[in-house]
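Undergrad: Sharing a structure, written as structure tokens. Questions coming.
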Amino acid sequence: MSNTAIARQLSVTETTVRKRIARLVDSGYINIVAVPTPMAVGMSLSAIIGISVNLTDLHAVSEALHGYPEVRYVGLSSGRYDIIVEAFFVDQEHMLDFVSNQLGSLSGVTTVETSIILKVVKFSYEWEIT
């Protein structure tokens, strides 16, 4: 939403909105970024990957995953998997290479389960707090 539209909705000036946003950015509460969709950069295949690891290797594996360009999200979790990853790929061959060569070569990884996303129903960075 533009600053002008926000100002209109809040019944304040556009300058007030701009200054408030600048203050939030300067204080580190928000970042304003442009995020291309995976499709825009040639990544047409996405997957959620559950990874089980030797727990002593949990942080080392998660740090290694952090560095892979295919990986958009890394979360340490409780339950069936120790690490949950969201990753994007050009095609199935790219995903196969990633799973077998990249994940397969990480010390401490014990099992990997991939779930290919067939259709994205919602993809949003908006938060609604009620």
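Undergrad: To the nearest 20 debye, what is the magnitude of the charge dipole of the chain about its Cα centre, counting +1 on the Cβ of each Lys and Arg and -1 on the Cβ of each Asp and Glu? All intermediate terms of the calculation are to be shown ahead of the outcome.
TA: Values: 9 positive and 13 negative charges, 163 e Å.
Here the size comes out at about 780 debye.
Undergrad: Counting Lys and Arg as +1 and Asp and Glu as -1, what is the net charge of the other residues whose Cβ lies under 15 Å from the Cβ of ASP97? Walk me through the numbers on the way to the answer.
TA: Numbers: positive: none; negative: GLU70, ASP91, GLU93.
Residues close to ASP97 contribute a combined charge of -3.
Undergrad: Provide the net charge surrounding ILE32, with neighbours chosen by a C-beta distance below 15 Å and charges set as Lys +1, Arg +1, Asp -1, Glu -1. Present the calculation step by step, with values, prior to reporting the outcome.
TA: Values: positive: ARG18, LYS19, ARG20, ARG23; negative: ASP26, GLU126.
Neighbour charge sum, excluding ILE32 itself: +2.
Undergrad: Go ahead and run the numbers for FRET between HIS66 and ALA34, Cβ-Cβ distance against an R0 of 22 Å, rounding to 0.05. Walk me through the numbers before you get to the answer.
TA: On the way: r = 21 Å, r/R0 = 0.97.
Taking R0 as 22 Å, the efficiency between HIS66 and ALA34 is 0.55.
Undergrad: Roughly what would the spin-label model give for SER11 and ILE48, points 7 Å off Cα along C-beta, in nm?
TA: 4.3
Undergrad: I'm spelling it out carefully: the read-out is Cα Rg over 2.2 N^0.38 Å, the candidates are (i) 1.29; (ii) 1.62; (iii) 1.39, and one was derived from this structure. Which label?
TA: (iii)
We did not get these values from a lab; they are worked out from the coordinates using the rules stated. The model shown is predicted, which means the values in this text are computed figures rather than measured ones. Here the Cβ is made from the backbone with ideal geometry for all residues, glycine too, and neighbour counts use every protein chain on show.
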